[in-house]
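The structure under discussion appears below in the form of structure tokens.
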Amino acid sequence: MAEKREKTYTTFQIADICNVRPTTVIKWANQRRIKAYTTPGGHRRVRQSDLLVFLKKYNFPIPQELCENQRRVLIVEDEIDIGQLISRGLEKASKDIFVQWAKDGVEGLLSVGQNVPDLVILDVEMPLVDGARVLATLRSDPQTQGVKVVGMTGKRLTPEKLKFMQGHTDGFFYKPFKLSDLITKTLDLLGIQIVNKPK
């Protein structure tokens, strides 16, 4: 069976996605901000996987059609080292998921508003809007109440907050946790087989 060729995008298509002029996309390519190649006819093309990397890096909204064959996972975590660890671990474990990372609750809710994820990995104690408020917002909206949520915390929670988080999430972890346990739980909730099991 022939391998399916990866979809490519023109500078005009990318300009439309990013709401900029095609000349701006060419400038990004020349500056190597976005990975592109040139056809024999002199036209620039960008592979879908490279376009996704670019959009994620520069926080552009991700069109649904760009990751329609993948399950969306949103990490909402203010600690950079933990956010990076989980993001890399998930991306390495399976190619069937598309991972985004929000640094706080406000950014997380904005991301959900742009594209509803299949699953949210949610830290409880965060500045601005904490995980409990994010969870309450997700569960109160008909469009997001079915989203799978895995909660986590490294802080001692009040009995009320702990009961709410455990009662309204599909999994709950205390930091420090084994990355492999979190990833296994996440992919299990998404019905995805692990390709590279983390240690």
*With a point put 7 Å past each Cα toward its Cβ, work out how far Gln70 is from Thr23 in nm, to one decimal.*
3.2 nm
*Treating the beta-carbon of each Lys and Arg as +1 and of each Asp and Glu as -1, no other charges, what is the dipole magnitude of the chain about its Cα centre, to the nearest 20 debye?*
740 debye
*What relative contact order, as a whole-number percentage, does region 20-110 give when Cα pairs under 8 Å and 6 or more residues apart are counted?*
20 percent
*Under 9 Å from the Cβ of Thr11, count the other residues' Cβ atoms, weight Lys and Arg +1, Asp and Glu -1, and hand me the total.*
+2
*Debye, to nearest 20: dipole size of region 127-199, +1 on Lys, Arg Cβ, -1 on Asp, Glu Cβ*: 300 debye
*Considering only the other residues whose Cβ falls under 14 Å of the Cβ of Val106, what net charge follows from Lys and Arg at +1 and Asp and Glu at -1?*
-4
*asked:* Compute the distance from the alpha-carbon center of region 40-117 to that of region 118-137, in whole Å.
replied: 18 Å
*Using only Cα atoms, what is the ratio of the radius of gyration of region 8-59 to 2.2 N^0.38 Å?*
1.00
*If you take the square roots of the eigenvalues of the alpha-carbon gyration tensor of the chain and sort them as a ≥ b ≥ c, do you get rounded (a/c under 1.5), prolate (a/b over b/c) or oblate?*
prolate
*Tell me what the chain gives for mean residue ellipticity at 222 nm when only DSSP H runs of n ≥ 4 count, each as -39,500 (n - 2.57), the sum divided by the residue total, rounded to 500 deg cm²/dmol.*
-12500 deg cm²/dmol
*Can you list the lysines whose alpha carbon sits under 22 Å from that of Lys175, skipping same-chain ones fewer than 8 residues off?*
Lys92, Lys103, Lys148, Lys155, Lys161, Lys163, Lys185, Lys197, Lys199
*Decide, for region 99-199, between rounded, prolate and oblate: order the square roots of the alpha carbon gyration tensor eigenvalues as a ≥ b ≥ c, take rounded if a/c falls under 1.5, and otherwise choose prolate if a/b is larger than b/c, else oblate.*
oblate
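Taken together, the values in this text are just the output of simple stated rules run on the coordinates, not laboratory data. Since we're looking at a predicted model, the values are computed, not measured. Backbone-built Cβ (ideal geometry, glycine too); neighbour counts: all protein chains shown.
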